[in-house]
Amino acid sequence: MAGLIRPEDVQAVKERSSIEDVVREHVTLRPGGTGSLKGLCPFHDEKTPSFNVRPAVGAWHCFGCGEGGDVISFIMQIDHLTFSEAVERLAAKLGMELRYDESSGGRGRRDGEGGLGRRQRLLEAHRAAAEFYATALAESTEGVTGREFLDAKGFTADDWVRFQVGYAPQSGEALTRHLRGKGFTDDELVIGGLSGRGSRGLYDRFRGRVVWPIRDITGDTVGFGARRIFDEDRIAAKYLNTSETPLYRKTSVLYGLDLAKKAMAEQRRAVVVEGYTDVMACHLAGVDTAVATCGTAFGVDHIKMLRRILRDEPGLSPARVVFTFDGDAAGQKAAMRAFAEDQRWASQSYVAVAPAGQDPNDLRLSGGDEPVRDLIEQAVPLFEFAVRSTIAPYNLDRAEERVSAMRAAAPILAGIRDTALRPEYVREVAGWLGLPVERMGAEVLAAARRQSSRGPGRAQPEAHATTDRERVAGGQPPGNGGESPARHELPRPDLRDPLVAAERQLLQVVLQYPGSLDEGSLEVLPADALRAPAHQVVFEGVRAGGGLATARTVSTQAWAATVSEATRTDARGLVHELAVAPLPVTLEPSSGLPPRRYVDSLLARVLDAGLARRIADAMSALQRAEPGSTQERALNEQLAVLYRERARMRAETE
Ligand SMILES: [Zn+2]
């Protein structure tokens, strides 16, 4: 029905609408290179912005999911409108009167669109698409790549038939042609998310990918998940899913639910895995309660759905939900979120992590069905998982890190609102950390007070504090499959620790005002003398980038870039943050630098603590050294140097 509005009017709407303003209503944009703006894509899940708008050209494009077009296609996709509806909406905003071609007769403009019949039509289109994809996998020549992929994942032809896995041909128009031939209109295909509308007409939404039909609880196919299998696939995202449509809302679909619901209701258990192949592997291994989210984190809508099926009601014994996370940062965060979201839910949630982080599909591939079942059986309570993964990055052999780990874990314990349960957990965690129970208890109490003064609900703010770092460090194609670039996360520096706060400010000075430090002033400080591990990594980057000697020869901007490049990738976000975060002092008007006394006191404080730490380490080594050994002699000499250093420094700062 696109032809109904006069083409010249469509053109006028396009020219007069500001694509930037229209997109900004949905996406936060920031400058992204010459003539271009970027933001987080509204059509797929991502952490690093790959959604680009070029206002001068009137175009948008996402390098993550491959969607793109003009202002009209943006409105169509974001609001699920037909072409003419989108044009009308934009025209109304501009106050433009549209003219319609009379030639198409007296038919109503919205003939066949909307209404009760539409859902049925879209479901039929999806059923036909699923059949088309399945046939393409089983029978087409190019489907062989898909069959090989599934074979390599350990699935037989019977398996993929059972799950109705399919293959989307590479041509880019095969499905569209097939469905048109069955009488579906272009608008139906676009609204249903099966086709996209480009400058040269419709194209298949999924091209050259293995596809899984995503069914709602009644078994109707409402969308598809599609996995990249060709190296030459120009869309980098490993998984693409149907974008939001009248049938498909990603926050309320679970892949496999139609297959799992009966067993879930009977056993009052559910298993939440991370991908389509994991759902298949679980079901084939006999874990028939497995489901997966589709391109989004497990959220409150999912909880509600599972609750209904599991009959999670007061009075009944608690239902049990097992999450298999691949033990990485993303999974950990998802767990934390679930924990903060809902206490009752959290208390019946379990986490299963395989020893080497394998997912259920990997496990079945290497060891058969047994390890998959064992994985689910050996799940640990979510609470235990949350605490253990929070303290995992700390080196518990070091006293300061034990304390930092305690501080990091305290908010989780404080988030347990069941006050009868809390002391038990406090005792347990104190045991893991090797700290006195009273000390742990006091820290938890303090954390609880901070939480209640901030308002209820957020048990674990620090679990989210790493987002900035990931955003800056990321650089990875934004896959929907839940893979995260950061495997071992650095703990966020604990700024409540005054020394750590001083370290941070000193690093800010180093990055922002290197001219305010004397060239040799950092030489005496080995990186590991800093208390916060993340600060150590940044300081190593400062060293590797050439130190203050280099800083003098380049612009401040170039210096920050040099340090960033020389720093381990997982701390680059922090470098970036330190290079821009404001210092808590006023700059000297004459020099434009922070006050000398402030810089000196930061330096003295960090150097002194660093020396104290090295002295303590040397003393402790000395106690363990063989009397009269060369090691003992060396340690004594080292100690003498350290004491002299400290005396000199203290004399200087007095
Ligand atoms: Zn995208």
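Note on Ser629/Leu587: beta-carbon distance plugged into 1/(1 + (r/R0)^6) with R0 of 60 Å gives a FRET efficiency of 0.70.
Here the chain yields Rg over Rh of 1.04, to two decimals, using C-alpha coordinates and the Kirkwood radius.
Of the residues Ser629, Ser36, the one with the fewest other Cβ atoms within 10 Å heads the list, and the complete ranking is Ser629, Ser36.
Computed over the alpha-carbon atoms, the range 494-548 gives an Rg to Rh ratio of 0.94, Rh here being the Kirkwood radius from the mean inverse distance. Shown here: the range 530-654, whose C-alpha atoms stretch 55, 37, 25 Å along the first, second and third principal axes, sorted largest to smallest. Close amide H pairs (under 5 Å, H built 1.01 Å from N) link Val351 with Phe323, Val380, Leu382, residues at least 5 positions away or on another chain. Remark on the range 198-334: ratio of C-alpha radius of gyration to 2.2 N^0.38 Å is 1.14. The alpha carbon convex hull volume per residue for the range 572-635 rounds to 142 Å³. Taking the longest Cα principal axis of the chain as reference, the axis of helix 556-566 is set at about 80 degrees. Amide H contacts for Phe224 (H built 1.01 Å from N in the peptide plane; partners 5 or more residues away or on another chain; cut-off under 5 Å): Ile214, Thr242. Once the Cβ-Cβ distance of Asp608 and Glu384 is raised to the sixth power relative to R0 = 41 Å, the FRET efficiency obtained is 0.60. Suppose we look only past 16 Å in the calculated P(r) of the range 8-97. What percent of the Cα-Cα pairs does that tail hold? I get 50 percent for the Cα pairs in the range 8-97 exceeding 16 Å. By the count of other C-beta atoms within 10 Å, a proxy for reagent exposure, Met649, Met280, Met619, Met406 are ordered fewest to most as Met619, Met649, Met406, Met280.
Per-residue 3J(HN,Hα) values for the range 436-442, derived from phi via the Karplus relation 6.51 cos²θ - 1.76 cosθ + 1.60 with θ = phi - 60°, read x, 4, 4, 5, 4, x, 5 Hz in sequence order (x marks Gly and Pro). By the count of other C-beta atoms within 10 Å, a proxy for reagent exposure, Lys250, Lys14 are ordered fewest to most as Lys14, Lys250. Couplings 3J(HN,Hα) of the range 505-522, computed from phi: 5, 4, 5, 4, 4, 4, 7, 9, 9, x, x, 8, 10, 6, 4, x, 5, 9 Hz, in residue order, whole Hz [Karplus 6.51 cos²θ - 1.76 cosθ + 1.60, θ = phi - 60°; x for Gly and Pro].
Bear in mind these aren't lab numbers, they're just calculated from the coordinates by the rules spelled out. All figures in this text were calculated on a predicted structure; none of them were measured in a lab. We place every Cβ from the backbone using ideal geometry, glycine too, and count neighbours over all the protein chains shown.
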